[in-house]
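Where a number appears in this text, it was derived from the coordinates with a stated rule and is not lab data. Fair warning: this is a prediction, and the values are worked out from it, not measured in the lab. Quick reminder, even Gly has a Cβ in these numbers, built from the backbone with ideal geometry, and neighbours come from all protein chains shown.
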Amino acid sequence: MNPDLALLQPYPFEKLAQLKSCVTPPAHLSHIALSVGEPKHPTPHIITEALLEHLHGFGQYPTTRGLDSLRESIASWICQRFNIKTTDISPHDHVLPVSGTREALFSFAQCIIDKTERGVVAMPNPFYQIYEGAALLAGAEPHFINCDESNNYLPDYDAVDESVWKRCQLLYICNPGNPSGAVHSNAQLRHLIKLAHRYNFVIAADECYSEIYPENGTKPSGLLQASAAMGNKNFARCVVFHSLSKRSNAPGLRSGFVAGDPSVINEYFRYRTYHGCTMPVPTQHASIAAWSDERHVEHNRALYQQKFTSVIDIVGDSMELNRPDAGFYLWAKTPIADDLFAQKLYEQQNITVLPGQYLSRDTEQGNPGKNHVRMALVAPVEECIDAANRIKQFIQSL
């Protein structure tokens, strides 16, 4: 067996299941799950109808690059969403479809990391655990950049020692962030691009939550957008990851894309011809329909903002929390230890939230996830309001 498998830590939800196994929730209260970031809004009809219309496509092998029309729809969406000239994005050179960004974020490190050196993969802390697993199984050393309240829950890149940057081969960023929803500014993204050029590493920007933001707020900036604006128009060392899971409430479709530096994309294409995670043709047609429509995305945003407003109005005076810049998580401080908070909340109110320390790693500066919980506002509005009232009642009982 690959000895690096022994380096993998239990997934957060394994730890959560163990935590909950010691207690029994009240039977008279229905369970409300705020732990998993799985969208519960209905999948738009334009997606399901396109899928059904092209079911005959299951009779053919999909190619690694996918349909020309799929890459063209993705390229068009990138340019429209991030204010990039259509002449700067080539559907053939800059874009690859992937079977959901989870597999892509993992496999990307296997392609990028030079195993002849003990390289570093830098990542935020708290983080999406796929980043760490990808680094370890690629033979690299994870380096965690803490995201705490003192830096508005964004990674403190200035705290990273130059020796780490010199060894860095890959930097994962999550923008908007999971779990905090914090958004990198254009200036911060430009700073990272300059660092990538100075120290010769690739930036993998996980932008899966970019389309969930307040309608009256600022759209989250993208890495390719910042790259083009600063004159790095070939997107050197910049690759972004997008998905239909959150944007279009289609987590089961397993559809996303990577885009950016054509030299990196070409090598990743070569890797993926062996990796084999090609997107079925019917899924590609459903994806074309999704990337070509914004009305369902606007409706989706409105539902999330309704939930944020309702929940914060109820629990805002009981917990320390802020409305996130984007995404669908509330990253809230807990009045007691986060794991104990999650366990007792489940035991007394039959609500599941995720302890922040399960999303983080201990560092010399501490564990930035401790005394926080992540609450995913993915349930229907009524359930989220019910959960908020129960959480407030629980806190008042402490």
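A few points about this structure:
- Relative to the compact-globule estimate of 2.2 N^0.38 Å, the Cα radius of gyration of the range 245-398 comes out at 1.33.
- Residue-averaged 222 nm ellipticity for the chain, from DSSP H runs of 4+ at -39500 (n - 2.57), nearest 500: -12500 deg cm²/dmol
- The PHE13 and GLU320 beta-carbon pair, evaluated with R₀ = 25 Å, returns a calculated FRET efficiency of approximately 0.50.
- Over all pairs of different C-alpha atoms, the chain has a mean inverse distance whose reciprocal, the Kirkwood radius, equals 21.7 Å.
- Residue-count net charge about ARG272 - beta-carbon cut-off 14 Å; Lys, Arg +1, Asp, Glu -1: +1
- Within the range 59-293, antiparallel bridges make up roughly 35 percent of the DSSP beta bridges whose residues both belong there.
- Calculated over the range 164-268: convex hull of Cα atoms, volume per residue (Å³): 113 Å³
- Between the Cα long axis of helix 295-315 and the first principal axis of the chain there is an angle of about 30°, rounded to the nearest 10.
- Peptide packing for 121-129, 57-65 was compared via the average number of neighbouring C-beta atoms within 10 Å per residue; ordered from the highest value, the list is 121-129, 57-65.
- Each Lys or Arg adds one and each Asp or Glu takes one away; over the other residues whose Cβ falls under 13 Å from the Cβ of TYR153, this sums to -2.
- Computed from Cα atoms, the angle from the helix 381-397 axis to the main principal axis of the chain rounds to 50 degrees.
- In the range 59-293, Rg over Rh equals 0.94, where Rg is the alpha-carbon radius of gyration and Rh the Kirkwood radius from pairwise Cα distances.
- Using the Cβ-Cβ distance between TYR61 and MET230 with R0 set to 41 Å, the FRET efficiency from 1/(1 + (r/R0)^6) comes to roughly 0.50.
- Gyration tensor (alpha-carbon) shape descriptor, the range 96-156, a/c threshold 1.5: oblate
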